[in-house]
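What follows is a short report on a single structure.
The values are calculated or read from the model by the stated rules, or taken from the named source; none is laboratory data. Remember, predicted model here, so these are calculated numbers, not experimental data. Reconstructed Cβ throughout: ideal geometry from the backbone, glycine too, with neighbour counts over all protein chains shown.
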Amino acid sequence: MISDPHTHTPVDAPTARHLHHLLATEQRRGRLPSVTAAIVRGGALAWSDAIGTVDGRADGQAADPDTQYRMGSITKTFVAVAVMRLRDAGRLALEDRFEDHVPGSRIGGATIAQLLSHGAGVQAETNGPWWERTPGGDWDALASSPVTQRFRAGRRFHYTNVGFAALGELVARAHGAEWFEVVRRGLLDPLGMTRTTTRPTGKAAQGLAVHPFADVLLPEPEHDAGAMAPAGQLWTTAEDLAHWAAFAGGDTGGVLSRDTLAEMYEPHTLVDDPGQPWTAAHGLGWQLWNVDGRRYAGHGGSMPGFLAGLRVDVETGDGVVVLTNTTSGLGPVASELLRAFVEREPLAPEPWHAAGDPSVLDLVGTWHWGPAVSTARVVGEHLVLGEPGTARGSRFAPAGADEWVGLDGYYTGEPLRVHRSPDGIPTHLDLASFRFTRTPYDPAADVPGGVDEQGWR
């Protein structure tokens, strides 16, 4: 958790100048009235900056990293974490039907997990006027409009703002309080996010549309979206949202377990655009991206007059946020800023230390699954069989005496048990019923199906 939003970790002046240049170039290219960004590393703010003015005029008030903007659909990630906190507290299960907690709608047969991952088939938008530009009513009015499902639950990815309105209602009913009050008490206050609100407060940017063919502006409306607010209502600043990027990078500040955050990052529904490779997915409330083999998590945001982005490297925790007050025009500057930061400020490798456990040395070395050869080694607390990410290679975490559980790929969650001879020497590994022996098809290792009595010939 970022303890002081104005505390920066050291960033070289050339790096800061380069990041400023990237942000200024994007502001000019996209004709953005103003744009602000921040980068986090190790749970701390590494850099922040802002270009432009809050009203888009040359003589207007300069934007800064403490200027509020609407974050749009990044709001959904807060709602999703609030739902997972209910799950972790035993108040609900992800396989529960929505109807079990909020009865009386036509989307009640969808599960909570399906709603979180946009796999419930629920309609994308409301049945009334464009909700992002008109004041909203309450949940009963929205549900009776009526909202419904466009596809069978579980069939496919279908992004749904209405689905997160439903989840916001679930959170509110579970706590007996407004959804934002739940988010404020449980997430914002503990993480020090004092500038994240449902309506603009203090210094805030005007939501603007920029004419596509002339350098003129049109103010966009701002209002309370009512029941649709959990889909995109929140306002924030770059430095306040940097706290959430630190959270997303694994510094959860005690408000959510890291295991639950990792669970939220597991892909549930693929974003299947015809003719395009599968590089994006949705987990439980988070957007996920696979970029050249690296995994990123975060979310984009769009409301009339505002665009936003949050992205973190799941492995390193490095993250970036970008906010701007325009309805369209923001390019991929978030990923460009993060890439440039990482290239110019690479993370130093952790020093190696001899901290292995000699009690498991009798497990390392060569093992055979039939004629196939695998090498076992110990890395930290994990037993590693093969190469994770290649074929069926996996890491295994200790789960008891001579018992391990798989962490990767095919063997995720599967048990590995070590069998020993009477004198304690490992004879074979039983991995999800597959038998690994020290020599190929060792007849002394109780290979299922037996071994031909005549042996190899």
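Filtered by the rule that a residue be under 18 Å from THR437 (Cβ atoms) and of a type in the set (S, T, N, Q), the range 395-423 gives a lone residue, SER421.
The residues on offer are ARG155, ARG185, and the sole one that is among the charged types (D, E, K, R) and part of a loop (DSSP other than H, G, I, E, B) is ARG155. For the range 187-229, taking the residues that are in contact with a strand residue (DSSP E or B) (Cβ under 7 Å, 6 or more places away or on another chain) and among the charged types (D, E, K, R), the one that is surrounded by the most Cβ atoms within 10 Å (Cβ to Cβ) is identified as ARG195. Remark: pairs (first residue in the range 84-113, in contact (Cβ under 8 Å) with a residue 24 or more places away in the chain; second residue part of a loop (DSSP other than H, G, I, E, B) and among the acidic types (Asp, Glu); Cβ separation under 7 Å; 6+ apart in sequence or on different chains) = THR111/GLU95; THR111/ASP96; ILE112/ASP96; ALA113/GLU95. Counting only helices (runs of 4 or more DSSP H) that sit completely within the range 62-146, those holding 3 or more residues that are buried (at least 23 other Cβ atoms within 10 Å of the Cβ) correspond to 75-88, 112-116.
Residues that are buried (at least 16 other Cβ atoms within 10 Å of the Cβ) and not polar (S, T, N, Q) were ranked within the range 264-280; the one that is farthest from the chain's Cα centre (by Cα) is VAL271.
Counting only residues that are touching a Gly at 6+ places or on another chain (Cβ under 7 Å) and of a type in the set (D, E, K, R), how many does the range 133-143 have? Total satisfying the criteria: 1. The residues on offer are GLY163, GLY168, GLY121, and the sole one that is more than 28 Å from THR326 (Cβ to Cβ) and modelled with pLDDT of 95 or more is GLY121. In the range 63-80, the count of residues that are closer than 29 Å to GLY186 by Cα, under 23 Å from the mean Cα position of the chain (by Cα) and either of a type in the set (Lys, Arg) or modelled with pLDDT under 95 (or both) is one or more.
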